[in-house]
Amino acid sequence: MSAPDLYGLVLTGGRSRRMQRDKAGLEYAGKSQLERAMELLTPLVTRCFVSVRPDQLNDPQRTAYDTITDIKPDLGPMGGIHAALHSYPDHAWLILACDLPFLDRATLQHLIAQRASTRVATAYRSRFDGQPEPLCAIFEPRSLQIIEQSLAQDQQCPRGLLSRSDVKLLDLPNPQALDNINTGEEYAAATAALGAAPTPAPVPASTATLRRLRVRYFAVLREQAGRSTEELETQAATPGELYEELRRRRGLTVAPEFLRVAVNDEFGDWRSLLADGDTVVFLPPVAGG
């Protein structure tokens, strides 16, 4: 028996309350997040749709594509997933959030190649808590009944639903592919990370003096370093040199091109000279579900 045909759905029905602007329209390299998500997904599925709220039906950005309107209002991602499965119940659905600026096609291709059509869903395992990531996952037709049962019990969290279901879980081939953005600060950091990070310059001999610096860690870097802040003495003369030292000391694995650097609460350059007493922050993308 062949697997049900695979359709695609990009979720854009959220309220973007933390971002305070429509996340679907945020741009990277001249393309909106919605446009980029549709370009990634469309070649990999039979048909591709955009999930919308009823009040978004006149939005030209969304109606440039085939849309599926939420049947049950104000359910967040679960509402979009439910509407897709309800509209085409004989198809499986690759569900994709629109706010994943680091997602690549290889991650989607791996998900499809590893699809387990006899189970409720196929999903990636979060690199942060090991739970299923529902917003880059394949939901099989049989998941509709489980979703409707959950909604009848006022359970609206798709991650919780997958955690309770028969799901094939995969490890992410690209650990940062599902890092998302929810605030203006995260958008600024992601925009910077997707640009070319400068190659750290060599330390001039005249600057190889001992400095006392304060380093603050956030998100995945805080987890890897095992602390939120530390003070250290170092001969690193630039943020680039300092980060390479911290990678060795603390086992940090995030590549510099995915980070933005701030010195004394101002975004700076990887090659700028550090001074004794500076506070340095390396800002990674923030993950979410």
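The values are calculated or read from the model by the stated rules, or taken from the named source; none is laboratory data. The model shown is predicted, which means the values in this text are computed figures rather than measured ones. In this analysis, Cβ positions are derived from the backbone assuming ideal geometry, glycine residues included, and neighbour counts consider all displayed protein chains.
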Answer with yes or no whether Ala92 is under 17 Å from Pro141 (Cα atoms) and buried (at least 18 other Cβ atoms within 10 Å of the Cβ). yes
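Residue-wise test of (1) surrounded by 15 or more Cβ atoms within 10 Å (Cβ to Cβ); (2) in a helix (DSSP H, G or I); (3) modelled with pLDDT of 95 or more.
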position: Met1; (1), (2), (3): no, no, no
position: Met19; (1), (2), (3): yes, no, no
position: Met38; (1), (2), (3): yes, yes, yes
position: Pro43; (1), (2), (3): no, yes, yes
position: Lys72; (1), (2), (3): no, no, no
position: Ala84; (1), (2), (3): yes, yes, yes
In this structure, does Ala97 turn out to be assigned by TED's automatic domain parsing to the domain that holds Ala113, buried (at least 18 other Cβ atoms within 10 Å of the Cβ) and in contact with a helix residue (DSSP H, G or I) (Cβ under 9 Å, 6 or more places away or on another chain)? yes
Cβ-Cβ below 6 Å, separation at least six or inter-chain, first residue in the stretch 216-233 and free of Cβ contacts under 8 Å to residues at least 40 places away in the same chain and of a type in the set (S, T, N, Q), second surrounded by 13 or more Cβ atoms within 10 Å (Cβ to Cβ) and in a helix (DSSP H, G or I): which pairs? Ser228/Arg222
Give me the pairs: first residue in the stretch 51-76 and free of Cβ contacts under 8 Å to residues at least 24 places away in the same chain, second residue among the basic types (Lys, Arg), beta-carbon distance under 9 Å, and six or more apart or on different chains, which are they? Asp66/Arg47; Thr69/Arg53; Pro73/Arg53; Asp74/Arg15; Asp74/Arg53
The strands (runs of 3 or more DSSP E) lying entirely within the stretch 216-289 that contain at least 3 residues which are under 21 Å from the mean Cα position of the chain (by Cα) and closer than 24 Å to Phe102 by Cα are 279-283
Could you grab me the full set of residues in the stretch 24-39 that are more than 19 Å from Asp66 (Cβ to Cβ) and touching a residue at least 60 places away in the same chain (Cβ under 8 Å)? Leu26, Tyr28, Ala29
